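Right, one structure below, let's go through it.
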């Protein structure tokens, strides 16, 4: 980290120093927790440039009058040379107005920090494991996987930028019944590659043509060795070979989106290593797993249901609505039974866990969080664990839903979409709404060159800045930071907005919400475009003024810094800051 201080960090330190002074003066007791003290722009810009809730947060534990504490703190902050006004609002908010020199100083900080502007030490080097995608290894990536992949990858980048060490992990579900179905489906294609007319793919197998190359490879390698062999001779081998090929395909698809994981964990290897059994033994020893009979299904009981004794995890102790089985009646592990062991394994190497799941898994959140809480707390550690649910994306073409057929094995692949509209369009679009909100992805609208398309709108702002700098170069006018005193209130409003980037990074990282960066970039781009458009009607507002070299230099310096903040934010989203459109 650089020792250059941004305005956001500087005023957090100023508030802390002022509170320290109040402690020395005896107006505050020493040692009060300050974790909830914030310094941020007020909701209404007319109230000032920055606001702090310090007096409101600390008055009660200090057993002092809120207003009196606010007055004492405001007096301390008002002594700062960067502060032109410190006012108390409502029950104790302190609103600060800053000098123009403070904002010009922030421009210099952006210039000095460059690609590191907004980087934070907030994470303190703690390790966060972010697990995302984790699609079943039964075929290529499709658009149902895309949104979670982008959200997870952007979150990982955001957490790193905010000072965390990050493990990007993919969990391969290669131990369930679906991989046996995959192996049988590949065996059909293997027979086909050896010249057999297999006819229609039987119901219950994967019909996709993407399995034909796998079958051809196995036919080339093994010849007719398994053509008429009983299933027990080839199932395990075909399962392993098919999963390897599918994961190769998935890695290639993710690479098109610029996504690369650090760790690929295998469920089959987890089970082979006895991890679920170890977890069960530990849970039994702590009375968290017992042998019991599941309640009958709610509603009409199926005719074939019968009570069976199973090992049950006491998830009701942790807020779940019923205890959950960790094994099936045949002795194999339930998905939950293997999953709790997997999360315990992740927790051994991380200080916090974040899972990105599809919204269709919402029903399992309580039980897996309960299991992780039990295992990690029992092991003497408290591991924060969050699950972020991501809604599906509806694909449209000119407003009409894109038709797909599960029976025919046809679906829109992620690779096809990226090749059609581009990586940057896909990534940015997936972050233009909160992940829990429904999303439409219209192939026509996401490439539209209009202000209604946020992808274009933000990239166009950066391209406009690059174009302006090229034009200025042609006219032999360069940016000069020593001329920035010429900048007025309208230009400094852009700086004020750009200066919120470091705070936005920390807030987005703390909330695990990378979409906040996309929202911020859209606001900054909108403000830049609005200022740019002033020059259409008022020539004196243009960035390049051939008869005023000093003002041109100041505005170009401003444009470079706005462009740098846009570039830094786009980099967190995995999107290129283009030079021209």
Query raised in the report: Just to be sure, is residue 383 under 22 Å from the mean Cα position of the chain (by Cα), closer than 20 Å to residue 146 by Cα, outside the structural domain of residue 514 (by TED's automatic domain parsing) and not in a helix (DSSP H, G or I)?
Result: no
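Has segment 362-377 got at least one residue that is assigned to a loop (DSSP other than H, G, I, E, B) and surrounded by 15 or more Cβ atoms within 10 Å (Cβ to Cβ)? Break it down stepwise before answering.
Applying the first criterion (assigned to a loop (DSSP other than H, G, I, E, B)) to segment 362-377 yields none.
No, segment 362-377 contains no residue that is assigned to a loop (DSSP other than H, G, I, E, B) and surrounded by 15 or more Cβ atoms within 10 Å (Cβ to Cβ).
Against the definition (surrounded by 15 or more Cβ atoms within 10 Å (Cβ to Cβ) and in contact with a strand residue (DSSP E or B) (Cβ under 8 Å, 6 or more places away or on another chain)), how does residue 253 come out, yes or no?
Yes; evaluated as a whole, the condition is true for this residue.
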Query raised in the report: Among the residues of segment 107-125, is there at least one that is in contact with a strand residue (DSSP E or B) (Cβ under 8 Å, 6 or more places away or on another chain), surrounded by fewer than 19 Cβ atoms within 10 Å (Cβ to Cβ), within 28 Å of residue 158 (Cβ to Cβ) and touching a residue at least 12 places away in the same chain (Cβ under 8 Å)?
Result: yes
Report summary line: The one condition residue 395 fails out of (1) surrounded by 15 or more Cβ atoms within 10 Å (Cβ to Cβ); (2) outside any strand (DSSP E or B); (3) at pLDDT 90 or above is (2)
Requested in this report: Kindly indicate whether any position in segment 6-27 is part of a loop (DSSP other than H, G, I, E, B) and either closer than 27 Å to residue 113 by Cα or within 30 Å of the chain's Cα centre (by Cα) (or both).
Outcome: yes
**Report entry** Selection count where residues are without any contact (Cβ under 8 Å) to a residue 60 or more places away in the chain, assigned to a helix (DSSP H, G or I) and over 29 Å from residue 511 (Cα atoms), scope segment 410-466
**Finding:** 5
Requested in this report: Give just the number: which of (1) at pLDDT 95 or above; (2) in a loop (DSSP other than H, G, I, E, B) does residue 148 not satisfy?
Outcome: (2)
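The values are calculated or read from the model by the stated rules, or taken from the named source; none is laboratory data. The shown structure was predicted, so the numbers you read here are calculated from the model rather than taken from an experiment. Neighbour counts are summed over all protein chains in view; Cβ atoms, including those assigned to glycine, are modelled from backbone coordinates with ideal geometry.
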